[in-house]
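Asks: Sending over a structure as structure tokens; questions will come in a sec.
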């Protein structure tokens with residue numbers, strides 16, 4: 001028994017999982033979830049005993065021994081929001097993969113099917129079973145080789161409609177596309193003085209004895225995100241918006257600065273970090289900065305927005321800013337396009353059609369192209 005749901009609604013997720021547990025008939029379920037969702041995942045009257053474990057704790061010795069003592073033919077497995085841990089070599093995945101082999105009933109519950117890139121669809125669906133995508137190893141699936149579909153047509157393995165048809169029999173999805181539709185990019189060109197500061201810090205980072213690509217990205221991004229030109233672009237934008245507005249940043253300290261800048265200009269907004277997240281009935285959502293790491297926190301925010309919420313990206317013209325934005329947009333575009341295709345695939349289950357030949361989906365832009373900076 002293998003099932004999955006992709007939904008933005010906690011109510012829908014819990015209803016799906018309670019039905020899964022009832023249909024499985026298992027007296028015990030192991031529920032794995034991100035630690036920051038501990039309070040959100042609890043099921044009321046699930047119909048069986050449910051043990052909850054955070055991914056961040058499951059590899060600790062005592063926790064791992066307790067989990068293994070519970071796994072068996074009478075155990076159902078629930079994997080919550082696992083797409084945010086996409087790396088096949090991670091200890092979280094290795095541990096779950098050992099567990100799922102001994103659980104006859106398995107369910108995925110998530111807001112999106114994958115994060116970062118389409119190649120990482122493989123990670124959560126390996127928990128349900130590698131036969132679903134038809135590849136016994138991630139590294140073969142990653143290469144986007146040709147394969148022949150059910151109609152005898154040669155396809156790329158990452159074609160969205162091909163993948164959607166493979167997973168659709170196991171999946172429920174209750175939204176036609178993931179992202180809010182009304183989205184705009186707001187340019188925030190940096191000043192000559194800010195560009196001079198940027199170049200100086202960039203040169204110092206590249207000349208450092210202990211050179212680290214991630215450190216370069218983080219340091220430069222943190223600097224440009226604090227530029228006054230960005231704050232000015234924010235004030236100019238919110239001054240012309242109607243309704244309630246939320247502003248998102250990487251750091252909580254930058255969120256406080258953004259909120260103060262708006263208040264000083266006589267404008268009320270709610271500003272917070274991606275990690276702290278935002279919930280509420282907002283008319284406007286402003287991504288003041290592109291996420292530097294852990295873009296899944298932005299996905300959490302997006303999942304709580306109304307469909308008619310207006311979304312704005314504030315984008316500077318420094319190379320690090322442009323790079324982070326391209327990387328983010330590539331990920332969001334893939335997720336949104338795939339969820340649309342998956343939603344259509346559920347319709348094709350009852351109305352079969354020939355699958356047309358398509359170009360393969362665009363790949364990742366690559367996170368370590370240092371020439372960009």
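Asks: Could you give me D for segment 112-268, from Stokes-Einstein at 25 °C and 0.890 mPa s, where the hydrodynamic radius is the Kirkwood radius over C-alpha pairs? Units µm² s⁻¹, please.
Replies: In µm²/s, the coefficient rounds to 120.
Asks: Same structure again: What percent antiparallel are the DSSP beta bridges of segment 2-173, to the nearest 5?
Replies: 10
Asks: Using only C-alpha atoms and all pairs of different ones, pull out the Kirkwood radius for segment 2-173 in Å with one decimal.
Replies: 16.6
Asks: Can you give the angle from 0 to 90° between the axis of helix 61-70 and the longest principal axis of the chain, with both taken from C-alpha atoms, to the nearest 10?
Replies: 30
Asks: Please provide three numbers in whole Å: the alpha-carbon extents of segment 164-214 along the principal axes, with the largest listed first.
Replies: Result for segment 164-214: principal-axis Cα extents of 54, 32, 13 Å.
Asks: Can you list, bin by bin at 20 Å, the percent of alpha carbon pairs in the chain, starting at 0?
Replies: Bin by bin from 0 Å, the calculated values are 26, 53, 20, 0.
Asks: Roughly how many Å is it from the Cα centre of segment 291-348 to that of segment 68-138, as a whole number?
Replies: 23
Asks: Using a Debye calculation, one point per C-alpha and no hydration shell, please list log10 I(q)/I(0) for segment 226-301 at q = 0.16, 0.21 Å⁻¹ in order.
Replies: Taking Cα atoms of segment 226-301 as identical point scatterers yields -0.51, -0.88.
Asks: In bins 5 Å wide, starting from 0, what share of all Cα pairs of segment 183-317 does each bin hold, as a percent?
Replies: Cα pair-distance distribution for segment 183-317, in percent: 2, 10, 20, 21, 20, 13, 7, 4, 2, 0.
Asks: Over segment 36-89, what lengths in whole Å, largest first, do the semi-axes of the equivalent ellipsoid take, defined as the square roots of 5 times the eigenvalues of the alpha-carbon gyration tensor?
Replies: 19, 17, 12
Asks: Using only Cα atoms and rounding to the nearest 10 degrees, what angle (0 to 90) does helix 10-24 make with the longest principal axis of the chain?
Replies: 20
Asks: Helix 192-207 versus the longest principal axis of the chain: what is the Cα-based angle in degrees, 0 to 90, to the nearest 10?
Replies: 60
Asks: From Cα pairs below 8 angstrom and at least 6 apart in sequence, can you work out the relative contact order of the chain, rounded to a whole percent?
Replies: Result for the chain is 18 percent.
Asks: Let me ask something else about it. How far, in nm, would the chain grow between residue 256 and residue 42 when pulled straight, counting 0.36 nm per residue and subtracting the alpha carbon separation?
Replies: The residue 256-residue 42 span can extend by a further 73.9 nm.
Asks: Also: Antiparallel DSSP bridges in the chain: what percent, to the nearest 5?
Replies: Of the beta bridges lying entirely in the chain, close to 5 percent run antiparallel.
Every number in this text was worked out from the coordinates using simple rules, so none of it is lab data. All values reported here derive from a predicted model rather than from experimental measurement.
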